[in-house]
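Take a look at the structure below.
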Amino acid sequence: MIRASVMGAAGYLGGELLRLLVGHPEVEIVQAVSTRFPGRRVDSVHPNLRAQTDLVFSAADDLTGCDVLFLATPHRTTMTLLPGVRPRAGTVIDLSGDFRLPDTAVYERYYGVPHTAPGLLGEFVPGVPEMFRDELAKADLISVPGCMATAAILALRPLAGLVGQDVQIDARTGSSGSGAMAGDGNLHAERSGAMRVFAPVRHRHEAEVSRLTGLNARMTATGVEAVRGVQVVCHATGTADERTIRRVYREHYGDEPFVRIVAHRKGAHRLPDPKLLSGTNYCDVGFAVDGERITAIAALDNLVKGGAGAAVQCLNIRTGRPETLGLGFPGLHPV
């Protein structure tokens, strides 16, 4: 059995990690660490886990040794935690943004603070199995990309070399993407019915997309009324026709267990829709072509394939387990 601990276990990503790990046949959860709720039952914060676990939240100072440590802790604070907790785990899988960008200047530009552990930046392998499967099998430090970044990377990766360098990404995300400690702007009275452009320029995920696709990505992000889900619509130009685009997507993703090509000519579900992916580890990718205009679309559950599910997928690869272990939920319809 893999002995796993989760820091930041009271948040939405932490709760999703616990949900997946409780159902994983080869994982024992050693500790669920929370600075807010030490001593309280996990299911008092994550009621979906009632009758699934008797875990009680641990304090950060009580963290013990484990095989793998998941960090679902906030951006800008994870980098201060890691040096202290690193010796207690064989493998660390980080879900924050602190180790996604290897360049300290780029990190400071997008996160607004200097990086306090720059020596560790280059040691992390990006948690994108579709690109780094061989590296992940040997990695002791793994950094899972942001949810919108993952969707955009998977949408755009097959198009590298077929489109121009400049790509504009229109990203939409549900309220859970703001986390369990979101401010007044996430109150129901403020969020309901809204389509709020919260990052008109320089969203931090665009740096990740640029790094992993080799494209010059620019992203605008909008919060929509959904609780879960991310959808990205990526605009590019190129001369490839629809048949060529479909072929390169099949070449890239035909054997991938969690990427599905959804690009039909008609029907209510002819292109990727995050509603159908709630709770699943799938990323659906699709496209449309109109002359030189190429539009790539992707959707996923921001808490699963955009976070906790990708982390568990990386864990499976790192420990030599079947990649899909514990991640087989196919979703629901209708929802």
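Of note:
- Consider the stretch 225-237 and keep the residues that are open to solvent by 40 Å² or more (accessible area, probe 1.4 Å) and in contact with a Gly (Cβ under 8 Å, 6 or more places away or on another chain). The one that is farthest from residue 175 (Cα to Cα) is 237.
- Close pairs (9 angstrom Cβ cut-off, 6 or more residues apart or separate chains): in the same structural domain as residue 275 (by TED's automatic domain parsing) and of a type in the set (A, V, I, L, M, F, W, C) in the stretch 316-331, part of a helix (DSSP H, G or I) and surrounded by fewer than 21 Cβ atoms within 10 Å (Cβ to Cβ) anywhere: none
- Matching option when the condition is over 30 Å from residue 37 (Cα atoms) and surrounded by fewer than 24 Cβ atoms within 10 Å (Cβ to Cβ), among 156, 136, 187: 136
Conditions tested, residue by residue: (1) under 16 Å from residue 140 (Cα atoms); (2) among the polar types (S, T, N, Q).
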residue: 66; (1), (2): yes, no
residue: 70; (1), (2): yes, no
residue: 73; (1), (2): no, yes
residue: 93; (1), (2): yes, no
residue: 100; (1), (2): yes, no
residue: 107; (1), (2): no, no
residue: 110; (1), (2): no, no
residue: 114; (1), (2): no, no
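- Annotation note: of 171, 240, the sole residue that is part of a loop (DSSP other than H, G, I, E, B), touching a residue at least 40 places away in the same chain (Cβ under 8 Å) and either of a type in the set (A, V, I, L, M, F, W, C) or surrounded by fewer than 14 Cβ atoms within 10 Å (Cβ to Cβ) (or both) is 240.
- Looking across the stretch 47-104, just one residue is open to solvent by 40 Å² or more (accessible area, probe 1.4 Å), more than 22 Å from residue 25 (Cβ to Cβ), in a loop (DSSP other than H, G, I, E, B) and basic (Lys, Arg), and that is 76.
The values are calculated or read from the model by the stated rules, or taken from the named source; none is laboratory data. All values derive from a computational prediction rather than experimental measurement. Because the Cβ atoms are built from the backbone with ideal geometry, glycine has one as well, and the counts that use them run over all protein chains shown. Please note that ligands, DNA and RNA were not included when accessible areas were found on the heavy atoms of the full protein model with its side chains. Shrake-Rupley method; radii C 1.70, N 1.55, O 1.52, S 1.80 Å.
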